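Single-structure report; data block below.
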C-alpha cells in the first residue's frame, strides 16, 4: 500500500473492508463511518511453544499514522509475538508508564506547587518577611496575581523545567502591558523558595540574577479636605454595601480587608465596638477592638436593616451581590466611585445628578443637561488615589490634630494611642518585651476619645458645618 492508495479507499456502505499490506500481518480496516485503522494480525505461542489462536491488535489510525509508521509498528508487534511476549500487554504497560509519568509531571508542575504554596499561606503555615505568618489578605493578593499573570503561561510546566528564558519572556510581556513586573517576579521567587523549603525543588531557582525593573513609585498619600468631601458624598450617592464600606473606612481608619469582611457577630452593639478576631488582623497580635462613634453606628444600623430586609443568613455586614461572600468587584466599583467623585469636585447640581441617573426616552432638555453634566465630569481632573489612602489620611489628620490661627499644631494625637487605634505595633522598643498587659483594655477609652474627635472633625469637613468642639484634652504621653 501507498499513501495515495490508502487515500483512494472509500468507506463501505455496510460491514468492514479489510486490505492487506505487503508487510506480514498488517491490514487496513475501513468502517462505514470512514475510520481507517491499522490492525496487526498475529499468533502468540502458548506455554508449550505451540501457536495459539489468531489475535489482532489496533496499532493506529490513518492519517495520524502513515503507511511507513504502520509497517514499523507491525514489525515490532510481530517481533514481540515471536519472542512469546504479548504485544497488547506490553502496550498496556507502556500506556500505564506514560500516564504515571504524566501524573508525576503534573504533581511537580508550577501550578500544583503554586496551589500548595497558596494553601500554606491560607493556613498560616508560611512565614513572611516580618517573621510572622502571612496574613489572609496577603495570601489572597498573591493568589490573584499568580492566577492572572503566571499560571496561564507557566502553570502546566514542570517546576524543574522552568527556565530563566521562560520567566524573562513572561516578565517582558507583562512589562509591555504596563503590568506589575516586579510584583510578579517577587511572587515567582516566592513559589520557588517555598518549593525548596518543602523539598519539591532542588538547585538554583531560575529567577537568580533577575532584578526589579520598575522605579519605586509613591502610591499612597493623604487626601485633602476637598477630596475627603467629594469621596464622602460620592460614596453616599453610590449607596449599597460599597458606599457604606468607603464611609466606614473614612470614619475608622481601619484596613480595607478587615472592614469589608466584617461579620455581624463581630459587632458589639452594647459597647459600640467592632471586635476583629485575631485570624483577620494583619499583625496577628490578637483580637482588635475598634471603637465606633455615632456616625459609624448609624452606617451599621442602615446595613442591619438591609440585611434583615433581605432575610440573609450569611452573617456578613457587607456582602457581595451573591450574598454569601464579602463584597467583591472592587475595580469596577472604584471606577463608578471615581466618576461620582469627579462629579462632586465639579460641583454638579442635584438636577444634573438626576439627569445622569435618568434612563429611557428623555426630553430634549434632560438629554442636553445629562450630556453637559457628563462632559463636566470628564473634564474634571482627579489625582489618582487608592482606598488605602483613606487609612493614610486618618493617621495623618490625627497626628496633625488641631492648629491655631498661625497654622501651628496645638494638639496632636498621642502616637501610642494612634498606633493602638489603627492596630499598628506600638513602638516601645525593648520595653515592649517586658509588657504583658492587656493592650485592648489599656487603650479602650483613649481610642474612643480619639475616634470621637476624628468623626466630628471629618463631618465638619464634609458638611462644612462645625460639629461641636473638636479639641480634646488627651494627655500627650508620646509625642
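The values are calculated or read from the model by the stated rules, or taken from the named source; none is laboratory data. Note that the structure is predicted; figures quoted are calculated from it, not measured. Cβ placement follows ideal geometry from the backbone for every residue including glycine, while neighbour counts extend to all protein chains displayed.
Scanning segment 268-305 for residues that are in contact (Cβ under 8 Å) with a residue 60 or more places away in the chain and surrounded by fewer than 16 Cβ atoms within 10 Å (Cβ to Cβ) yields 279, 283, 284, 285, 286, 287, 294.
Residue count for segment 253-272 satisfying the condition of being under 17 Å from residue 136 (Cβ atoms) and either out of contact with any helix residue (DSSP H, G or I) (no Cβ under 8 Å at 6 or more places or on another chain) or in a loop (DSSP other than H, G, I, E, B) (or both): 6.
Looking across segment 324-354 at every residue that is free of Cβ contacts under 8 Å to residues at least 12 places away in the same chain and in a loop (DSSP other than H, G, I, E, B), the one that is farthest from residue 261 (Cα to Cα) is identified as 349. Can you say whether residue 40 is surrounded by 12 or more Cβ atoms within 10 Å (Cβ to Cβ) and assigned to a strand (DSSP E or B), as far as the supplied structure shows? Yes: the conditions hold for residue 40.
Listed here are the residues, each with its yes/no results for (1) assigned by TED's automatic domain parsing to the domain that holds residue 127; (2) touching a helix residue (DSSP H, G or I) at 6+ places or on another chain (Cβ under 8 Å); (3) part of a loop (DSSP other than H, G, I, E, B).
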| position | (1), (2), (3) |
| --- | --- |
| 237 | no, yes, no |
| 274 | no, yes, no |
| 298 | no, no, no |
| 322 | no, no, yes |
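Is it true that residue 133 is within 28 Å of residue 425 (Cα to Cα) and either in contact with a strand residue (DSSP E or B) (Cβ under 7 Å, 6 or more places away or on another chain) or assigned by TED's automatic domain parsing to the domain that holds residue 261 (or both)? Considered against the rule, which asks whether it is within 28 Å of residue 425 (Cα to Cα) and either in contact with a strand residue (DSSP E or B) (Cβ under 7 Å, 6 or more places away or on another chain) or assigned by TED's automatic domain parsing to the domain that holds residue 261 (or both), residue 133 comes out as yes. With the checklist (1) in contact with a helix residue (DSSP H, G or I) (Cβ under 7 Å, 6 or more places away or on another chain); (2) outside any loop (DSSP other than H, G, I, E, B); (3) surrounded by fewer than 21 Cβ atoms within 10 Å (Cβ to Cβ) in hand, flag the one item residue 250 doesn't pass. Only one criterion is unmet by residue 250, namely (3).
Would you point out which residue out of 319, 384 is within 26 Å of the chain's Cα centre (by Cα), modelled with pLDDT under 95 and surrounded by 12 or more Cβ atoms within 10 Å (Cβ to Cβ)? Walk me through it before giving the result.
Values: 384 fails: surrounded by 12 or more Cβ atoms within 10 Å (Cβ to Cβ).
Criteria check complete, one pass: 319.
Part of a helix (DSSP H, G or I), modelled with pLDDT under 90 and surrounded by fewer than 19 Cβ atoms within 10 Å (Cβ to Cβ): is that true of residue 137 in this structure? Outline the logic, then answer.
Values: part of a helix (DSSP H, G or I): yes; modelled with pLDDT under 90: yes; surrounded by fewer than 19 Cβ atoms within 10 Å (Cβ to Cβ): yes.
Considered against the rule, which asks whether it is part of a helix (DSSP H, G or I), modelled with pLDDT under 90 and surrounded by fewer than 19 Cβ atoms within 10 Å (Cβ to Cβ), residue 137 comes out as yes.
In this entry, residue 254 passes the filter for residues that are touching a strand residue (DSSP E or B) at 6+ places or on another chain (Cβ under 8 Å), more than 30 Å from residue 158 (Cβ to Cβ), in contact (Cβ under 8 Å) with a residue 24 or more places away in the chain and not assigned by TED's automatic domain parsing to the domain that holds residue 145. Of everything in segment 387-430 that is on the phi > 0 side of the Ramachandran plot and either part of a helix (DSSP H, G or I) or touching a strand residue (DSSP E or B) at 6+ places or on another chain (Cβ under 7 Å) (or both), the residue that is surrounded by the most Cβ atoms within 10 Å (Cβ to Cβ) is 423. Only a single item in (1) free of Cβ contacts under 8 Å to residues at least 12 places away in the same chain; (2) under 59 Å from the mean Cα position of the chain (by Cα) is not met by residue 53, and it is number (2).
Any residue at all in segment 83-96 that's in contact with a strand residue (DSSP E or B) (Cβ under 7 Å, 6 or more places away or on another chain), at pLDDT 85 or above and assigned to a loop (DSSP other than H, G, I, E, B)? Let's see the steps before the verdict.
Here is the first cut: in segment 83-96, the residues in contact with a strand residue (DSSP E or B) (Cβ under 7 Å, 6 or more places away or on another chain) are 84, 86-88.
From what's left, at pLDDT 85 or above: 86-88.
Still in the running and assigned to a loop (DSSP other than H, G, I, E, B): 86.
Yes; the residues of segment 83-96 include at least one that is in contact with a strand residue (DSSP E or B) (Cβ under 7 Å, 6 or more places away or on another chain), at pLDDT 85 or above and assigned to a loop (DSSP other than H, G, I, E, B).
Checked against the criteria, residue 200 counts as touching a residue at least 24 places away in the same chain (Cβ under 8 Å), part of a loop (DSSP other than H, G, I, E, B) and more than 25 Å from residue 386 (Cα to Cα). A residue that is within 30 Å of residue 262 (Cβ to Cβ) and not in a helix (DSSP H, G or I) occurs somewhere in segment 176-194. Of the residues making up segment 441-465, those that are under 16 Å from residue 417 (Cα atoms) and surrounded by fewer than 20 Cβ atoms within 10 Å (Cβ to Cβ) are 441, 442, 444, 445, 448, 449, 452.
Listed here are the residues, each with its yes/no results for (1) surrounded by 14 or more Cβ atoms within 10 Å (Cβ to Cβ); (2) assigned to a loop (DSSP other than H, G, I, E, B); (3) without any contact (Cβ under 8 Å) to a residue 24 or more places away in the chain.
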site	(1), (2), (3)
4	no, no, yes
14	no, yes, yes
23	yes, yes, no
28	yes, no, no
32	no, yes, yes
